[in-house]
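Notes to accompany the following structure.
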């Protein structure tokens, strides 16, 4: 064989055999080294102790809370320390005061509690003395047909059907807003009328009207019958106009009460329960005014408003002897002018 042919055949064979063995040896070395490293790492991980935990550092960071230590299973374990703490820890705990306990608020004393109504002015308060047996109750009840002028109860007091809206009325004031008895109906409506009487008195003061007891009682009765006619642009405005036209007493009251049922925006009558005509409304208002006048005549002392106290002068005043012309005995036998007015029985219009 020629030399060049041997070289051509031998080099590939050598390369094939040598490189194959070298690759296998490298694989074996790699496997050996990998297995040795894996065992070494396993041994190192298994024998490495857990990192130490500083209890003092944990207590400082957690404000004396028990530190957490990881157990072998990886579950946190809590160290229970004695209850005694150091003086420094006790001072740190006592530095934060506890908030005071909330003060219980009694029921009905909050901002939503109902406040008592303001006191009635003297010009109105005397009309409500006696509550359900007051002059207001007797006068309005007489106009409603539930009481007699002297205060006795009629059959209508215990319940009747309202002729206007067919509602069930109870008590002195024909109350129809739900009550368990006529007495409870009177109590509820008296509180309502007291509030409306205050409004009536305040509006009269703003209009510079000095109302008599009869005018006040008619205003209260009108508020019991139709609150808007009495407290809105109605009774007091028309009463002021009546006096400007020269009307007086009962004539002015009936005229003002009748026109209080005119709608101030449309100028039309707004009293469907009274027929919506000037004739029927006037008849009803005149009837109610006469009933109030009779109650005033029967209960005259209660109808008089209290007079303000008179200031006594420091020096004695001259005392004059009564003459026959102004003797009390003679004057007591003469009826007052208002008696003749209140005793008039006006015909129905």
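Could you check, for the stretch 280-294, whether at least one of its residues is in a loop (DSSP other than H, G, I, E, B) and modelled with pLDDT of 50 or more? Checked the stretch 280-294: no residue is in a loop (DSSP other than H, G, I, E, B) and modelled with pLDDT of 50 or more.
This table checks each residue for (1) crowded, with 21+ Cβ neighbours inside 10 Å; (2) on the phi > 0 side of the Ramachandran plot; (3) in contact with a strand residue (DSSP E or B) (Cβ under 9 Å, 6 or more places away or on another chain); (4) assigned by TED's automatic domain parsing to the domain that holds residue 256.
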{"residue": "159", "(1), (2), (3), (4)": "no, yes, yes, yes"}
{"residue": "162", "(1), (2), (3), (4)": "no, no, yes, yes"}
{"residue": "165", "(1), (2), (3), (4)": "no, no, no, yes"}
{"residue": "197", "(1), (2), (3), (4)": "yes, no, no, yes"}
{"residue": "212", "(1), (2), (3), (4)": "no, no, no, yes"}
{"residue": "219", "(1), (2), (3), (4)": "yes, no, no, yes"}
{"residue": "230", "(1), (2), (3), (4)": "yes, no, no, yes"}
{"residue": "233", "(1), (2), (3), (4)": "no, no, no, yes"}
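Taking the stretch 168-180 as the range and being free of Cβ contacts under 8 Å to residues at least 12 places away in the same chain and surrounded by 12 or more Cβ atoms within 10 Å (Cβ to Cβ) as the test, the residues that pass are 168, 179. Of all the residues in the stretch 149-194, those that are modelled with pLDDT under 95 and under 23 Å from the mean Cα position of the chain (by Cα) number 3.
Being crowded, with 21+ Cβ neighbours inside 10 Å and closer than 20 Å to residue 174 by Cα, is that true of even one residue in the stretch 248-257? Yes, some residue in the stretch 248-257 is crowded, with 21+ Cβ neighbours inside 10 Å and closer than 20 Å to residue 174 by Cα. Can you find even one residue in the stretch 234-250 that is within 17 Å of residue 196 (Cβ to Cβ) and at pLDDT below 95? Taking every residue of the stretch 234-250 in turn, at least one turns out to be within 17 Å of residue 196 (Cβ to Cβ) and at pLDDT below 95.
Looking at 290, 300, can you tell me which residue is in contact (Cβ under 8 Å) with a residue 12 or more places away in the chain and under 21 Å from residue 142 (Cβ atoms)? Criteria check complete, one pass: 290.
The values are calculated or read from the model by the stated rules, or taken from the named source; none is laboratory data. From a predicted model like this one, the values you see are computed outputs, not experimental measurements. Positions of Cβ are backbone-derived with ideal geometry, glycine not excepted, and every protein chain shown enters the neighbour counts.
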